[in-house]
Structures are given as C-alpha cells and as structure tokens.
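**Student:** This structure is in structure tokens; I'll ask about it shortly.
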Amino acid sequence: MFDRNEDLKLVRRCKRGEEAAFAELLGRYRNAIYGLCFRMTRRAEDARDLAQEVFIKVFSLLDRFDETYAFSSWIFRIATNHCIDHLRRNRMRFLSLDGFTGPDGEPMDLPLPDDGPGPDRLLERSEAMERLEEVVADLPPHYKVIILLRHDQDLSYEDIAVVLDLPLGTVKARIHRARAMIQQMLQARSYEI
Amino acid sequence: MKTAMQQPAPPECRQACDRMQDYLDQTLPKRESLAVFLHVRECGACRVQLETLQALYARLGEMPPIEAPADFDARILAAVPYENYRAMAPLRSPRVPVLLEQESLPAWLRSRSVRLVGLFAAAAALTAAASGVAAGTAAWTVAGVGCLPELSVRLQNLTRRVYVATVHRSIPR
C-alpha cells in the first residue's frame, strides 16, 4: 500500500532538513493517520489534534527511526500508541453521549444501542455501514485499533505485529476475538449489515 | 445479513467454526482449508456462519476513506521546527573521540586540492624513479609525503566508520 523505498528516500531527505520531503511524507500519510485517529476517537477535533501531534512527533523522532523497519509501520505505531493513550486519558469524557462530531466537524449524535434506524443521520453512507462503524467505534481500544489496521488500513498480520509490537499469534488471536465481538455486538443490538 | 450466531454442537462444526476466520484470511494450510470447505458444503448451519463472516469481512473492507481537513497540512508544516532541527544537526551526529573528528586534521591537509596535488606529485615521483630519471630514495620519499594527506583523511574516515558501527552502537542511549 505504501512504497517502502520511496518512504525511506523521503525520510533521509527529511533528516537532512529538507522541508519539501517532510511535506511529501505528510501528503502520503495525512488521510491514513487522520482516518485512524478519527475512527479511534469519533471526534473530528480530537482526530485533527491527535494526527497533527503524531506528525510533529514523527518529525522530532526521525533520528530514532530504525531503517530496517518500514516507515509506514513506524508512523502507525506512533499513531496507535498516541490514540490509545488519548483514549485512556479521556476515558470518562467518552462516556458522555453528546458533543460528538462527524469527520467534517459537524455535530453528530452518538447512536445508542437501542436506537432504531435513523434516516436523518444517514448522509452518503448506507445505514448498514453506519451501524457497523458504530459497533467498531464501541470496541475496546486495543480491539478497535487492530480491526482498523487490518480492514481500514489494509495492513497484513505481519505488519500489524510490527506496528503493535506483538507476536504474530497474539495479533491473529486478537483480530479473531475482535471480529467475534463485532458479531456479538451486532447480534445484541439486533443489527443486520 | 443475519447476525445470529449459534455455536454448533457437533465437534466437527466447532472445529470448522474455529478455523473459519483463518479460512477466509487464506492463512490455513491447504488440507485444513479443504476440510473447512467440504464441511461447510455439507453443513447448513456452518454455511450460514461462514456467509455471515464473509459479509462482515466485506463490510469492514468497505468502510469509506476519511479525508483530513483542508487546512491540515498547513497547520502541521507551520508547527514543525525546521530551523531548530537544522541547528541541532551537529548534536544528532554520532559522538566519536576527538581524534576521529574530521576537524582534528588541519584544514589544509583535508583540502581537496592539497590531496590531489600530493597524489599527483607521488605519481610523478614514482614514474620518474621507474624511468631512471630520479634517484630511488628521493622518489620514494616524495611519493610517501605526497600520499600522506589522502591517506590520513581516508584512514580517519575508515576508523570513524568502524568506531560508529561497533563501539558507538553498543553505547546505551
């Protein structure tokens, strides 16, 4: 998905202090990192702040980047750790049922499990997709991130193991568990997708 | 898609269900994959479960991409401290003993022109000695002195590289 050699060239140029190279790296990863942050937090404002902090952290840690690994794995590792830390720090805040925003920053209601289908909040996305996203959003952070890395970012199990610094077996077990949880949650909420 | 999932009682159904995700991920060994395929063909309950999982996989893969806001790049690029980064460049380079720092050799010795002239003089002296124009000892002395700048720089570079690759890397940071 991401060109490892091209990334490495850009990283080396960044290390030499070339602003244009960092801008190019930013262009390559902006949507992926912002998307991950948004789906982890479900708040446009938080996602923007988190993603920006991720990129600034990446820049400040460039010298510690080990070139034997893919840059994509490294940046996703920083992003996932940052998001999980953020969710831990703000655990109580996320219990609030209002104040959620969509990707465009517009206020959005948090769908409750026993809500019926709400046609007014479905814009371009299908109802089924909206419900699935809702269920994914309600997963515990460690399961949510692994589902997003696998299905949203399309990373392989091996890449996810590098990103999360976990053994391959643990990654597989956690993904299987996460999918089973999604199925159970869909069933509990009588959702069909 | 029905989301109902009932745990099938027979052991072969449980085994098939346990392997279904690996089957869909195509990470099962061929023989086990075939066993799942054959079981699902015969067992209606497991077939439903497999179709449910397949639909879930498909849906998860269809999550729409999310685009960063328009001003996203500009805000980051404005916040990145390039000037500081460039100013700190010397601190980021690996630390080596003073003798291995390039600056420990005199600037004239490191200069490209001195090194080239030295090499040229050495080559000329050796050629003269070989053709019998100059005395052997004098020619060898000139050649030795001529090669000295280039050799010093190269030897220092090599030693520094070896130091960084061995001693420096083993220092905990």
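**Student:** Would you jot down the residues in the stretch A:148-193 that end up with at least 50 Å² less accessible area in the complete protein assembly than in the chain alone, with a 1.4 Å probe?
**Tutor:** A:HIS151, A:HIS176, A:ARG179, A:GLN183, A:GLN187, A:GLU192, A:ILE193
**Student:** Still on this structure: Mind grabbing the accessible area of A:MET185 for me, 1.4 Å probe, Å², rounded to tens?
**Tutor:** A:MET185 exposes around 40 Å² with every protein chain in place.
**Student:** OK, next. As a test of the definition: with a 1.4 Å probe, what buried accessible area, both sides summed, do you compute for A against B, in Å² to the nearest 100?
**Tutor:** On the way: alone 11020 and 13660 Å², together 20590 Å².
It comes to approximately 4100 Å² buried between A and B.
**Student:** Given a 1.4 angstrom probe, I'd like the percentage of the accessible area of chain B that is carbon and sulfur, rounded to a whole number. Could the numbers behind the result be given before it?
**Tutor:** On the way: 7150 of 11580 Å².
Percent of accessible area from carbon and sulfur atoms in chain B: 62.
**Student:** Please check the stretch B:21-64 for residues whose accessible area, probe 1.4 Å, is lower by 50 Å² or more when all protein chains are in place than in their chain alone.
**Tutor:** By number: B:GLN21, B:ASP25, B:LEU56, B:ARG59, B:LEU60, B:MET63, B:PRO64.
**Student:** Okay, next question. Where in chain B are the DSSP H helices whose C-alpha atoms run 15 Å or more along the long axis and whose mean Kyte hydropathy is at least -0.5? It would help to have the intermediate numbers written out before the result.
**Tutor:** Values: long enough: B:11-25 (22 Å, -1.36); B:30-42 (18 Å, -0.25); B:44-61 (26 Å, 0.28); B:112-130 (27 Å, 1.37); B:136-163 (38 Å, 0.29).
What comes out of the filter, once short or polar helices are dropped, is B:30-42, B:44-61, B:112-130, B:136-163.
**Student:** Same structure, new question: Tell me, for chain B, which Cys residues have no other cysteine's C-beta sitting closer than 4.7 Å.
**Tutor:** B:CYS13, B:CYS17, B:CYS147
**Student:** Only counting protein heavy atoms at a 1.4 Å probe, give the residues of the stretch A:33-48, ordered by number, whose accessible area falls by 50 Å² or more when the other protein chains are present relative to the chain alone.
**Tutor:** The answer is A:TYR34, A:ARG39, A:ARG48.
**Student:** From the P(r) of the stretch B:11-62, could you give the percentage of C-alpha pairs in the tail past 15 Å? All intermediate terms of the calculation are to be shown ahead of the outcome.
**Tutor:** On the way: 531 of 1326 pairs.
Within the stretch B:11-62, distances greater than 15 Å cover 40 percent of Cα pairs.
**Student:** Follow-up. When you look at the Cβ of every residue in A:14-27, what mean number of other chain Cβ atoms sits within 10 Å? Let's see the in-between values first.
**Tutor:** Numbers: counts 3, 3, 3, 7, 2, 5, 0, 0, 5, 5, 0, 0, 6, 2.
Partner Cβ neighbours, averaged per residue: 3.
**Student:** Over all residues in B:70-83, what is the mean tally of Cβ atoms on other chains that come within 10 Å of each residue's Cβ? All intermediate terms of the calculation are to be shown ahead of the outcome.
**Tutor:** On the way: counts 0, 1, 10, 6, 1, 4, 13, 5, 0, 5, 10, 3, 6, 1.
Averaged over the peptide's residues, the number is 5.
**Student:** Sort B:96-108, A:68-80 for me by packing, meaning the mean count of neighbouring Cβ atoms within 10 Å per residue, highest on top. Intermediate values should be presented prior to the final figure.
**Tutor:** Details: B:96-108: 11.7, A:68-80: 20.0.
Output ranking for B:96-108, A:68-80: A:68-80, B:96-108.
**Student:** Hey, what's chain B come to in accessible area per residue, 1.4 Å probe, Å²? All intermediate terms of the calculation are to be shown ahead of the outcome.
**Tutor:** Details: 11580 Å² over 173 residues.
Using a 1.4 Å probe on heavy atoms only, each residue of chain B averages 67 Å².
**Student:** Next question, about the same structure. Cα convex hull of the stretch B:99-170: mean projected area in nm², to one decimal?
**Tutor:** Details: hull surface 22.1 nm².
In nm², the orientation-averaged hull projection of the stretch B:99-170 is 5.5.
**Student:** What relative contact order, as a whole-number percentage, does chain B give when Cα pairs under 8 Å and 6 or more residues apart are counted? Let's see the in-between values first.
**Tutor:** Details: 97 pairs, mean separation 28.9, N = 173.
Taking the mean separation of contacting Cα pairs over the length of chain B, I get 17 percent.
The values are calculated or read from the model by the stated rules, or taken from the named source; none is laboratory data. A quick note: this is a predicted structure, and the numbers were derived from the prediction, not measured. With ideal geometry, Cβ positions are generated from the backbone for all residues, glycine too; neighbour counts draw on all protein chains shown. For accessibility, only protein heavy atoms count, side chains too; no ligands or nucleic acids. Shrake-Rupley method; radii C 1.70, N 1.55, O 1.52, S 1.80 Å.
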